Amino acid sequence: MVKKIDGRMIAEKIKDEVAAEIFKFQGDRPNLAIILVGSRADSQLYVSLKEREAKKVGIDTHLYELSEAVSEKELLEVIKFLNEDELIDGILIQLPLPEKFNTDHIIAALNPLKDVDGFHPQHPDYVVSPVLASISACLREINFSAAGKRACVLYNSDIFGISVKEILEKEGLKVNLRDNPEEADILVSALGQPHFIKKSMIKAGAIIIDIGITKVGGRVLGDADYEDIKERAGFITPVPGGIGPMTIAFLFKNVLAVYKNHLK
């Protein structure tokens, strides 16, 4: 029977640490700008969660909602404004962007010292992508040994897939992008396709890191069909309650880091 990796528990520990450190600033609070383009339900859900949880740890958020009709030039102008705004410590661009945008170009326009997602090629070492940090935290939580093991990453964003591949290779894993999930000891999925992963697609005892999130009829579903795979998988990050809470917690850790650098 599959064991669940409790992302909420891991996230609460991180958020408690962040809140305690922010409290020491005696009223001064980090400021995070969030750019949301379009009306994807999953992106709206993630942004609302980030705004709600930020208040709890003492981070002020500023949401910039842009329609899908916005031009790349207009989006870049918003980023330029936020790059230059002294009030704003960190900037988050909610991904994925609509397909018409060149995501790499948009990310590259960020001030790397304000990039709290860690995707800018020149982001500082003290900022680690929340998703990548969450994957590593999961592996530490279950005392995973990477020696001789394989991983597969399923994704719909190239920048994400390549970043996950790099972090898993640093853990010592041999990584396939999209190919042969049934041979993988770790399967990382960020497709946003509810219940796409079935038991026929996974190796017995595999670790499923489910990053996909889709809202369907008031329910939040992951890429993995839990009921179908629960007798075959070894560990899984549940949806909800898995990777989602951890990414938000690590995001706040990054916001605190850029805020402290901003104070220097």
Roughly what angle does helix 7-23 make with the longest principal axis of the chain, taking Cα atoms, 0 to 90 degrees, to the nearest 10? 20
Output ordering of 72-83, 238-249 (per-residue mean of other Cβ within 10 Å, highest first) is 238-249, 72-83
At 0.36 nm per residue, minus the direct Cα-Cα distance, what do Met1 and Asn156 gain on full extension? Give it in nm, one decimal, please. 52.9 nm
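Taking a temperature of 25 °C and a viscosity of 0.890 mPa s, what whole-number D in µm²/s does Stokes-Einstein yield for the range 198-251 with Rh from Kirkwood over alpha carbon pairs?
Once the numbers are plugged in, D ends up at 210 µm²/s.
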Taking the alpha-carbon centre of each part, the distance from the range 159-191 to the range 209-243 in Å is 18
In angstroms, what radius of gyration and Dmax does the range 80-200 have, counting Cα atoms only? 16.2, 52
For Asn102 and Arg29, what is the calculated FRET efficiency with R₀ set at 35 Å and r taken between the beta-carbons, to the nearest 0.05? 0.55
Residue by residue through the range 47-57, which ³J(HN,Hα) values in whole Hz follow from phi under the Karplus form 6.51 cos²θ - 1.76 cosθ + 1.60 (θ = phi - 60°), with glycine and proline marked x? 5, 5, 5, 4, 4, 5, 6, 4, 4, 5, 9
Taking only Cα atoms of the range 25-113, radius of gyration then Dmax in Å: 13.3, 44
Convex hull over the Cα atoms of the chain, averaged projected area in nm²? 13.7
In whole angstrom, and with the biggest value first, how far do the Cα coordinates of the range 223-264 range along each principal axis? 52, 16, 12
For Gln44 and Glu183, what is the calculated FRET efficiency with R₀ set at 41 Å and r taken between the beta-carbons, to the nearest 0.05? 0.70
Beta bridges by DSSP in the chain, antiparallel share as percent, to the nearest 5: 10
Based only on Cα atoms, what mean projected area does the convex hull of the range 130-243 have, in nm²? 6.5
Scalar couplings 3J(HN,Hα) for the range 60-76 by Karplus 6.51 cos²θ - 1.76 cosθ + 1.60 (θ = phi - 60°), nearest whole Hz, x for Gly and Pro, are 8, 10, 10, 8, 10, 8, 10, 6, 5, 7, 4, 7, 5, 4, 5, 5, 5
Compute the angle between helix 130-141 and the longest alpha-carbon principal axis of the chain, please, reported from 0 to 90 degrees and rounded to the nearest 10. 40
Listed by chain and number, the residues whose amide H is under 5 Å from that of Ile197, excluding neighbours fewer than 5 places away on the same chain and using placed H, are Ala224, Asp225
Under 10 Å, Cα contacts only: if you run a Gaussian network model on the chain, which one of Leu32, Leu92, Leu139 comes out with the highest mean-square fluctuation? Leu139
Helix 158-170: angle to the longest alpha-carbon principal axis of the chain, degrees 0 to 90, nearest 10? 70
Using 5 Å bins from zero, what percent of all Cα-Cα pairs in the range 1-149 falls into each bin? 2, 8, 15, 19, 20, 15, 10, 7, 3, 1, 0
So how much slack lies between Lys55 and Ala19, counting 0.36 nm per residue of separation and subtracting their Cα-Cα distance, in nm? 12.0 nm
Can you order the peptides 122-135, 161-174 by their average number of other Cβ atoms within 10 Å per residue, highest first? 122-135, 161-174
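Bear in mind that the values in this text are calculations on the coordinates, not laboratory data. As the structure is a computational prediction, the values presented were derived from the model and not from experiment. Cβ atoms come from the backbone with ideal geometry, glycine included; neighbour counts cover every protein chain shown.
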